[in-house]
Amino acid sequence: MGLKITDQIEIADWELTEQFVRASGPGGQNVNKVSTAVELRFEAERSPALPDPVKRRLKRLAGSRWTLDGAIVIFVQDTRSQARNREIARERLAELVLKATVTPKRRVKTKPTKGSIERRIKAKKERGEVKALRGKVS
């Protein structure tokens, strides 16, 4: 089945590993018995589905969720339902990968216009004059 991100990118099931652990937070006695929290692990570095530029952007976006061996770990314990936590984890991963597919626009350097420079300097001079007049009266 896999996880479809875009028309070109689809993450296969073998690239994802899920581990269920006990969650903290509300749930009463249930919280001590049932493993509802989900730890979704995606081997991003080794993934054949992702092109290199996307992997680089993904590493930057993932931040602390990126492990030393090049995997992304997403931990979800938002709800009391294991199935819902699984869905949320997959959605978050898809969102993250989708963000990484967007190429950032190059910044075009611009110079301030001559008029804006002159206006700035004129305003600075006026402000300086106002402050100079605040001196002690002799």
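Residues that are modelled with pLDDT under 90 and buried (at least 16 other Cβ atoms within 10 Å of the Cβ) do not occur anywhere in the stretch 102-115. Can you tell me how many residues within the stretch 19-35 are exposed (fewer than 14 other Cβ atoms within 10 Å of the Cβ) and touching a residue at least 24 places away in the same chain (Cβ under 8 Å)? Number satisfying all stated conditions: 5. Within the stretch 57-75, the set of residues being of a type in the set (A, V, I, L, M, F, W, C) and either under 15 Å from Leu16 (Cα atoms) or assigned to a helix (DSSP H, G or I) (or both) comprises Leu58, Leu61, Ala62, Trp66, Ala71, Ile72, Val73, Ile74, Phe75.
Number of residues in the stretch 88-124 that are of a type in the set (A, V, I, L, M) and within 30 Å of Ile74 (Cα to Cα) equals 9.
So, of the residues in the stretch 68-92 that are β-branched (Val, Ile, Thr) and under 15 Å from the mean Cα position of the chain (by Cα), which turns out to be farthest from Gly28 (Cα to Cα)? Top of the filtered list is Ile72. Tell me, please, whether a residue that is assigned to a loop (DSSP other than H, G, I, E, B) and either touching a Cys at 6+ places or on another chain (Cβ under 6 Å) or not polar (S, T, N, Q) (or both) can be found in the stretch 81-96. No, because not a single residue in the stretch 81-96 is assigned to a loop (DSSP other than H, G, I, E, B) and either touching a Cys at 6+ places or on another chain (Cβ under 6 Å) or not polar (S, T, N, Q) (or both).
The values are calculated or read from the model by the stated rules, or taken from the named source; none is laboratory data. Everything numeric here is computed off the predicted structure, so don't read it as measured data. When we count neighbours, we look across all protein chains shown, and the Cβ atoms used for this are built from the backbone with ideal geometry, even at glycine.
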